[in-house]
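Take a look at the structure set out below.
The values are calculated or read from the model by the stated rules, or taken from the named source; none is laboratory data. All values derive from a computational prediction rather than experimental measurement. Please note: Cβ atoms are built from the backbone with ideal geometry, for glycine as well, and neighbour counts cover all protein chains shown. Note: accessible area is taken over every heavy atom of the protein model, side chains too, but ligands, DNA and RNA are not part of it. Shrake-Rupley method; radii C 1.70, N 1.55, O 1.52, S 1.80 Å.
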Amino acid sequence: MTAVTALESARAATKDSDLAKAEHLYKEILSKPAGTSEKAIADQEIALYELGALYRDHKKITELEELVRLSRSIMSGLAKSKLAKISQRLGMLIGLLVRTLLDLFSTVPDSLDTQIRVTKESIDWAVSERRNFLRQSLETRLVSLYIQSSAYYDALALINTLLKELKRLDDKMVLVEVELFESRVYHALRNIPKSRAALSSARTSANAIYCPTIMQANLDMQSGILHAEDKDFKTAFSYFVEALEGFSSQEDARAVSVLKYMLLCKIMLNLNDDVHSLLGGKMAQKYAGRDIEAMKAVASAHSNRSLKEFEDALSTYHTELSSDPIIRSHFTALYDTLLEQNLVRVIEPFSCVEITHVAEVVGLDTRQVEGKLSQMILDKVFYGVLDQGNGWLTVFDEPREDATYVAALNTIKHMTTVVDLLYEKASKLN
């Protein structure tokens, strides 16, 4: 059976859900030495990719991992060829094929640890084969995987090594990507000044080259995130608009996250009318789903100043709102603000009120309300005393400073200065 016939039979078996037969046919193609035939190399390249896609679709992580190792051994065998034509094709094929096979892991759930392990093995192989550009590309990918797994210090160590090499080689395209990763790592570590400095370097490098749409959208999204950290939600929104256009034009899944950030900015700015206009726009309709419904529920709760609705939204859409650290951090601040506003509104008419009554009105647990009231007293949001024995909150009027008392203190201070000066003069006369 020829390679072309075997490929067609394997595709037919895949279509008929005959996994075992398709796998056998693909492996049969890969087991035959390609020699110096470009056609045979191309057939093996197709077989590798299609078998990888088959493993991906059936969530076979272990088999996909073994296939990446097999692809490296096939490439090493081809590398021994001395023909210029084959060597030229090989350089392109190795880099593209290894990266393509690794990309197949991205859609397989719970495969992050496997991706990191296989990428490290591929980097070691690239080093042994002296393929520096492939190694740098794989190391950049490893940085991305480290960020996804929250291994920020490992990512930072690799970033520092890569930056030294890339600046020496003046490879602007990869340099922009790595500097953007550096900004994300520092942001995750809450080192905002260094995150901002890394982003400025990435933008400077991007200005010197043609920047692809996705990369520009990533830069705009990171700029928006950092401006949101500074509570400059108006500027952040403008960056998110640019990022959304970029991701949407390329049909990138991150467009949904950016749209959520845009809605977040409008909620934090208390612009409820703008939130409704965004939700009724074309983009919201295009990316309609639970993520947008979650933001809609939060916007409604914020508009109604209802803490209960806000908590219900957080509970109902827990995955959509808590999985994103950016959304989670800002909603934590928003929750605290709403809680304080609700508590102040409830206790305002009273000079003494039962804590249980306050908890019932705001719809929260008594212990949680008591803890928040204690924090508000310490922060001087209002003046009062918690009587935990009786379960009461005594509220005082804001103390007013007595001008007479302050004036008396200033007079005494000046008199002290006068007496000290007179004492010094008397000492000199004696």
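Could you figure out which of (1) open to solvent by less than 70 Å² (accessible area, probe 1.4 Å); (2) in a helix (DSSP H, G or I) isn't true of residue 357?
(1)
Filter region 290-310 for residues that are surrounded by fewer than 17 Cβ atoms within 10 Å (Cβ to Cβ) and at pLDDT below 85; which is nearest to residue 344 (Cα to Cα)?
305
Select from region 100-118 the residues that are under 13 Å from residue 55 (Cα atoms), surrounded by fewer than 15 Cβ atoms within 10 Å (Cβ to Cβ) and free of Cβ contacts under 8 Å to residues at least 40 places away in the same chain and list them in ascending order.
103, 106
Inside region 119-237, counting only helices (runs of 4 or more DSSP H) that do not spill past its ends, which hold 2 or more residues that are among the acidic types (Asp, Glu), crowded, with 19+ Cβ neighbours inside 10 Å and at pLDDT below 90?
Ranges flagged: none.
Looking only at region 318-340, which residues are outside any helix (DSSP H, G or I) and not charged (D, E, K, R)?
Hit for region 318-340 is 323, nothing else.
If you check every pair at least six apart or on different chains, which have Cβ atoms under 8 Å apart with a residue in region 388-408 that is at negative phi first and a residue that is among the acidic types (Asp, Glu) second?
Within 8 Å, the pairs are 388/370; 392/354; 393/354; 393/387; 394/387.
Mind counting the residues in region 238-252 that are open to solvent by 70 Å² or more (accessible area, probe 1.4 Å) and either at pLDDT 95 or above or farther than 26 Å from residue 193 by Cβ (or both)?
4
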